[in-house]
1. Provide a single number: the residues in the range 185-223 that are out of contact with any helix residue (DSSP H, G or I) (no Cβ under 7 Å at 6 or more places or on another chain) and not polar (S, T, N, Q).
2. For the range 120-145, how many residues meet the condition of being of a type in the set (A, V, I, L, M, F, W, C) and surrounded by fewer than 20 Cβ atoms within 10 Å (Cβ to Cβ)?
3. Would you tally the residues in the range 143-170 being in contact with an Asp or Glu (Cβ under 9 Å, 6 or more places away or on another chain), more than 15 Å from A188 (Cα to Cα) and not charged (D, E, K, R)?
4. Would it be correct to say that Q146 is part of a helix (DSSP H, G or I), away from the ligand (no atom under 16 Å from the Cβ) and not aliphatic (A, V, I, L, M)?
5. Give the residue, chosen from N14, N9, that is at positive phi, within 16 Å of the ligand (Cβ to nearest atom) and out of contact with any helix residue (DSSP H, G or I) (no Cβ under 6 Å at 6 or more places or on another chain).
6. Go through the range 65-90 residue by residue and tally those that are in contact with a helix residue (DSSP H, G or I) (Cβ under 6 Å, 6 or more places away or on another chain) and loosely packed, with under 14 Cβ neighbours inside 10 Å.
7. Restrict the check to the range 8-26 and report whether at least one residue is of a type in the set (D, E) and surrounded by 17 or more Cβ atoms within 10 Å (Cβ to Cβ).
8. Just to verify a result, which residue in the range 153-207, among those that are among the aliphatic types (A, V, I, L, M), touching a residue at least 60 places away in the same chain (Cβ under 8 Å) and within 16 Å of the ligand (Cβ to nearest atom), is farthest from K112 (Cα to Cα)?
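The values are calculated or read from the model by the stated rules, or taken from the named source; none is laboratory data. What you see is a predicted model; the values in this text were computed from it and never measured. Cβ atoms come from the backbone with ideal geometry, glycine included; neighbour counts cover every protein chain shown.
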Amino acid sequence: MRKPLIAGNWKLHNTVEQSCQLAQALVNDLSDVTETEIVIAPVFTALSEVGKICTESPVQLAAQNCHCMDDGAYTGEVSVPLLADVGCSHIIVGHSERRQYFGETDHFVNVKARAILKHGLTAIICVGETLEQRESGELFEVIAAQIRGALEEITAEQMAQVVLAYEPVWAIGTGKTATSEEAEEVHAYIRGLLHGSFGTDIASQCRILYGGSVKPGNISELMAEEDIDGALVGGASLKAEDFSAIVRFKKSLKMAPH
Ligand SMILES: O=C[C@H](O)COP(=O)(O)O
């Protein structure tokens, strides 16, 4: 049984003060939640203060990125140990915005993921196709290459600290959500890849989140799918009310087709 995980990626939004206000509202709203894991990812500069607010609450702290080296002459970078030091338990890697705007490759995503796992944190590894790739029939090829690339040399034991996130690039921040069937098709495919690489136990335990215009109005339908185990939420995670409603999604069974 996979515990649902709802993660809020605040991207490049909010000052330290605004981040603390949002975190405090979530801590107040969600203090009783035990059945769903909750993660928020503020900007780097707010992590330390937000981390203090989240202590002893069910809200866990994530960074949106990291560097693969622990320390050294890497100007402008932030390492996994430094993120752990301010309270991060999770780190997002491979987000399409980093792939698209900062040239991050599958190999670099893999190197970062291994650094995260080496330090015992959880890596939230994102994959997803562009609209062009989907329309030209490359969807599964692209997803397979991203998954295999990101998970290279990661052991079955380390997979307990890996969460995958399927985020179709065309659904991010556009208001266009993949239908729950479209998302499920890819999630099931990813689980099949895990089965092939790591076996049944790992494949059935690994959580696969969906990301791309998730809102209070579509989360329940997405979560009714067998292989969707949670969400990586962008825009709607910036409003406490919306994010709390997503965390408290109503469990519904998938309706059988007529
Ligand atoms: O990391 C989150 C995703 O990029 C989704 O963003 P969105 O919910 O604003 O579409």
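1. Here the count works out to 12.
2. Kept after step one, since they are of a type in the set (A, V, I, L, M, F, W, C), are these residues of the range 120-145: 121, 123-127, 131, 139-140, 142-145.
From what's left, surrounded by fewer than 20 Cβ atoms within 10 Å (Cβ to Cβ): 131, 139-140, 142, 144-145.
Total meeting the criteria: 6.
3. 7
4. Working: part of a helix (DSSP H, G or I): yes; away from the ligand (no atom under 16 Å from the Cβ): no; not aliphatic (A, V, I, L, M): yes.
Judged against the criteria, Q146 is not a match.
5. Of the residues listed, the single one that is at positive phi, within 16 Å of the ligand (Cβ to nearest atom) and out of contact with any helix residue (DSSP H, G or I) (no Cβ under 6 Å at 6 or more places or on another chain) is N14.
6. 1
7. no
8. I172
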